[in-house]
Structures are given as C-alpha cells and as structure tokens.
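Here's the structure we're looking at; comments come further down.
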Amino acid sequence: MRILSGIQPSGLPHIGNYFGMMKPAVALQEKGEVFLFIADYHSLTTSPSPEDLKKYIQEVAVDFLACGLDPKNTVFFRQSDVPQVTELTWILNCVTSVGLLERAHSYKDKVAKGFVPNNGLFSYPVLMAADILIYRSNIVPVGKDQKQHLEITRDIAQRFNSTYGEIFVVPDEQITENVAVIPGIDGQKMSKSYNNTIPIFGKEKDIKSRIMSIVTDSKGLNDPKDPDKCNVFALYSLFADSHHQKKMRENYHKGGYGYGHAKKELFELSWEYFGPLRRRREELQNDLGYVQEIIREGGEKARAVAELTMCDVRKAVGIR
C-alpha cells in the first residue's frame, strides 16, 4: 500500500499542521510505503518572496524530521525535484473540465476572503491530482477541508482511465475525524492564511501570548461553561488524556473556573508536549547537510517512480 501526503512550505508549522497532517503522516510510516513531499510548487499560488520560499523549504524539512519522520521508512522530497509532476499536470488539465474546478470550495472561499485569484489558485486541484496519481498512491490522508480536492482527483483519474485505459490508481481518502478541522485562535480553521495559528516551535513568550489570545464567549469566572463550544477545550483535547479532559470538562460545568485558567493549562501541556521535538529540531539545525542529503535522496527515489508512471501516460495519450 502506497500512502502519499504533502505540506506547503509557508513558515513555522502550527498545531493544526501537526495534528491534522504531520503526526498522522509519521504514524503511517508503520502501515505502508509513505511518499511525503514539500509542496513548493503549490506555495507559489500565494506569491511568496524567493528569499522567504527558500527559507521555508528548509524549515519545513527540519520541522518534519524533528516531528518524527524516519527517512528509512519514508520517501521525503521536494515537489519541484520531480519535474514529471508538472508534465502530468498539463496532460491532466486537458481532461479536466472548467466546471469541475469552478465547483471547488477552497478556491471560492479564498476569493471570498480577499485573495487575488490567479490561474494557479484556480487549477490547484489539478496539480494536487498529479501529485497523487503520478506515484499511483492508494491512500491520501487529507483534512476535512481538502476532501473535495481528493474527490476531484478521483474524478480526473476516472476520466483519464475511461479515455485512455486503466493507467492510474483511483486513491482513497483517509480523514481522522477527531482532528478533521482544528480551530485557530479566532475560531476559524487554523491557517497561516488567516494569521490565527499557534506555532509548534518558537519563543515561549510568543506562543503563550497566542494561546492567551484565543477567542472565547463572554461568560465570567463563576458562570458554568460549555466545553463542547469552546476553542480552548477543543485544542486542549488534542494534548490531554481522557482523565485530564474529564477534569477540565467538570471544571467548565461547575463554574468558578475561567477561560484564563483553561488557557494556562493548555499552554503548559502543549509546551511540555513539544519539548522533545524542540530539542530534536535544534540538533537538526546544527546539521543541515544531513537534512539536505535526505531530501536529495528522496527526490531521486520519487523521480524514478514518477518516470515509470509517465512512460505509461505518454504511451497512452500518444506522445511516445
């Protein structure tokens, strides 16, 4: 079974990245052959500066290795180190209807929030489909917000197969329901695009400040509160075991326990949780040559697999 996932290099990873994608990807290393890529082509849709992009690519490589990725069990590479993926993107564009892309919720949501639309943002799902299909991936872990993009990938694969023959594996999604959408400090989905994140790595003072700024309702210290409608409790539940979740839930219900208390507990628990990862990250920052070699070797492995697929695709469409 081949499992594929990717992450955009767009700055320091946050709690949403970790629980929604990074931690599940690391866990999957024991369940199949994992291909994990740094989606640098995808990041161009938001036009980062070249200097920032280079920095972010290096940082996300270090961050993922710090979070437990094992290069012995995972093919870890940069998307742009596999030029075959852009070749396949063009071919898939030619079997993808405009109407299918116009129905993509992610594109419409970003435009509604003021993002300046470009063709890269519009056709993002086709590049995502190429990323998945070129490695003949069986399973793709996705967040709930990416589920439609996976459905588009399946539609594209089925249309190509019905036109040219059974070339592509039609992938299945995997969504971890309890972390399908992780709230940011404003209650929306946690995203760097919305500037509502809580970083995994960074200065203790800055992370604590972000946590203490989480939006809550206006209930006072002595008022009973509903943990199931509270962003603080939702985030705390990602870190806490069932015993500690139950205890905080009881405190919410009985009153005499303010949101400030809950935020302090969330900070302390999260800071302790990520302690070993911070120490591993410091080690990797002092050995960037090791990190670069892992990415280089991963790119070689990924290109070899991608080229096998493209040989079949080129023959199927008639350009070879």
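The values are calculated or read from the model by the stated rules, or taken from the named source; none is laboratory data. As the structure is a computational prediction, the values presented were derived from the model and not from experiment. Every residue, glycine as well, gets a Cβ built from its backbone with ideal geometry; the counts of neighbours run over all protein chains shown. Protein only, heavy atoms only, side chains kept; ligands, DNA and RNA dropped before computing areas. Shrake-Rupley method; radii C 1.70, N 1.55, O 1.52, S 1.80 Å.
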Screening 83, 141 for residues that are within 30 Å of residue 287 (Cβ to Cβ), out of contact with any Phe, Trp or Tyr (no Cβ under 9 Å at 6 or more places or on another chain) and open to solvent by less than 40 Å² (accessible area, probe 1.4 Å) leaves only 141
For residue 178, only one of the following conditions fails: (1) touching a Gly at 6+ places or on another chain (Cβ under 8 Å); (2) open to solvent by 60 Å² or more (accessible area, probe 1.4 Å); (3) at pLDDT below 95. What is its number?
(1)
Would it be correct to say that residue 304 is touching a residue at least 12 places away in the same chain (Cβ under 8 Å) and open to solvent by less than 80 Å² (accessible area, probe 1.4 Å)?
no
Would you pick out the residues in the stretch 220-260 that are open to solvent by 40 Å² or more (accessible area, probe 1.4 Å) and not in a helix (DSSP H, G or I)?
221, 222, 223, 224, 226, 241, 256
Where in the stretch 35-129 are there helices (runs of 4 or more DSSP H), lying wholly inside it, with at least 2 residues that are in contact with a Pro (Cβ under 7 Å, 6 or more places away or on another chain), over 30 Å from residue 319 (Cβ atoms) and modelled with pLDDT under 95?
50-66
Pairs, please: C-beta under 7 Å, at least 6 apart or cross-chain, first residue among the aromatic types (Phe, Trp, Tyr) and in the stretch 268-290, second assigned to a loop (DSSP other than H, G, I, E, B)?
274/200
Take the residues in the stretch 181-209 that are modelled with pLDDT under 90 and hydroxyl-bearing (Ser, Thr, Tyr), then tell me which one is least open to solvent (accessible area, probe 1.4 Å).
191
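Can you work out which of the residues in the stretch 307-320 that are β-branched (Val, Ile, Thr) and touching a residue at least 12 places away in the same chain (Cβ under 8 Å) is nearest to residue 244 (Cα to Cα)? Reasoning before the result, please.
Here is the first cut: in the stretch 307-320, the ones β-branched (Val, Ile, Thr) are 309, 313, 317, 319.
Subsequent filtering for residues that are touching a residue at least 12 places away in the same chain (Cβ under 8 Å) retains 309, 313, 317.
Details: 309: 49, 313: 53, 317: 58 Å.
If we take residues in the stretch 307-320 being β-branched (Val, Ile, Thr) and touching a residue at least 12 places away in the same chain (Cβ under 8 Å), then 309 is nearest to residue 244 (Cα to Cα).
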Counting only residues that are more than 28 Å from residue 110 (Cβ to Cβ) and touching a Cys at 6+ places or on another chain (Cβ under 9 Å), how many does the stretch 21-76 have?
1
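With respect to residue 263, determine if the residue is over 30 Å from residue 81 (Cβ atoms), of a type in the set (D, E, K, R), at pLDDT 95 or above and open to solvent by less than 50 Å² (accessible area, probe 1.4 Å).
Working: over 30 Å from residue 81 (Cβ atoms): yes; of a type in the set (D, E, K, R): yes; at pLDDT 95 or above: yes; open to solvent by less than 50 Å² (accessible area, probe 1.4 Å): yes.
Taking the combined requirement at face value, the residue satisfies it.
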May I ask you to say which residue of 108, 23, 31 is surrounded by fewer than 20 Cβ atoms within 10 Å (Cβ to Cβ) and closer than 22 Å to residue 202 by Cβ?
23
Out of the stretch 1-28, which residues are closer than 30 Å to residue 237 by Cβ, at pLDDT 90 or above and touching a strand residue (DSSP E or B) at 6+ places or on another chain (Cβ under 6 Å)?
3, 4, 5, 6, 9, 14
Evaluate the following for residue 136: is it assigned to a helix (DSSP H, G or I), touching a helix residue (DSSP H, G or I) at 6+ places or on another chain (Cβ under 9 Å) and open to solvent by 10 Å² or more (accessible area, probe 1.4 Å)?
no
